[in-house]
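Reviewing the structure listed below.
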Amino acid sequence: MNAKNKTPTGPLVSIVDDNVSVRRSTRRLLGCCGLRAEAFASAEDFLQSGRVPETACLLLDVRMPGMDGLELQRRLGETHRLIPIIFLSARASEEEERRALRAGAADFLRKPVSKDALLNAIRTALENSNNYSWSES
């Protein structure tokens, strides 16, 4: 964190979820742990945001209106954007989970997810990609 203004300065974690309370609470949690976090209501919003190139980890819901999480994962793969993706879902089928993991997802967590499980998944994803180093404040 930047000591002067307490702004997180670590790697960017982008959150894509159509549930506003999930976006807000997850963004707040990550900020408190020293991670920069941006939240998007849809896959389309994320793709149009300009944040894709700097995203170090993507927290992604499976089922959303419009483009779903599996389609976003596929599109990012087609453009060779190797962003570690952690899927978060309350309603995904076992087949959707298998598809996500086969396509390279770093993890697949079921909502509600514990703070520790989420932070551990993010830490592991960041450490396994591009040698990011992150420790909680």
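Backbone geometry of region 19-26 corresponds, through the Karplus equation with coefficients 6.51, -1.76 and 1.60 at θ = phi - 60°, to 3J(HN,Hα) couplings of 8, 4, 5, 5, 4, 5, 5, 5 Hz, x marking Gly and Pro.
Taking label positions 7 Å along the Cα-Cβ direction at both Leu82 and Glu44, the computed distance is 3.1 nm, reported to one decimal. The amide H of Gly10, built 1.01 Å from its N in the peptide plane, has Arg36 as neighbours under 5 Å, considering only residues 5 or more places off or on other chains.
Annotation: amide H-H contacts under 5 Å for Ser42 (H modelled 1.01 Å from N, sequence separation of 5 or more, or interchain): Asp17. Per residue, the convex hull spanned by the Cα atoms of the chain amounts to 103 cubic angstrom.
Taken about its Cα centre, region 1-106 carries a charge dipole of about 520 debye when Lys and Arg each add +1 at the Cβ and Asp and Glu each add -1 at the Cβ.
Think of it as helices only: each DSSP H run of n ≥ 4 in the chain is worth -39500 (n - 2.57), and spread over all residues that comes to -11000 deg cm²/dmol at 222 nm. Note that region 92-103 has calculated 3J(HN,Hα) couplings of 5, 7, 4, 5, 5, 4, 4, 4, 4, 5, 4, 7 Hz, one per residue in order, obtained from phi through the Karplus relation 6.51 cos²θ - 1.76 cosθ + 1.60 (θ = phi - 60°); glycine and proline are x. The residues of the chain expose, per residue, 54 Å² of accessible area to a 1.4 Å probe. Averaging the sequence gap over all C-alpha pairs within less than 8 Å and six or more residues apart, then dividing by the number of residues, gives the chain a relative contact order of 21 percent. Taking only Cα atoms, what is the 0 to 90° angle, nearest 10, from helix 115-127's long axis to the longest principal axis of the chain? Taking Cα atoms only, the helix is inclined about 90 degrees.
The values are calculated or read from the model by the stated rules, or taken from the named source; none is laboratory data. Treat the numbers as computed from the prediction; the structure is a model and nothing was measured. Backbone-built Cβ (ideal geometry, glycine too); neighbour counts: all protein chains shown. Surface areas here come from the heavy atoms of the whole protein model, side chains and all, with no ligands, DNA or RNA. Shrake-Rupley method; radii C 1.70, N 1.55, O 1.52, S 1.80 Å.
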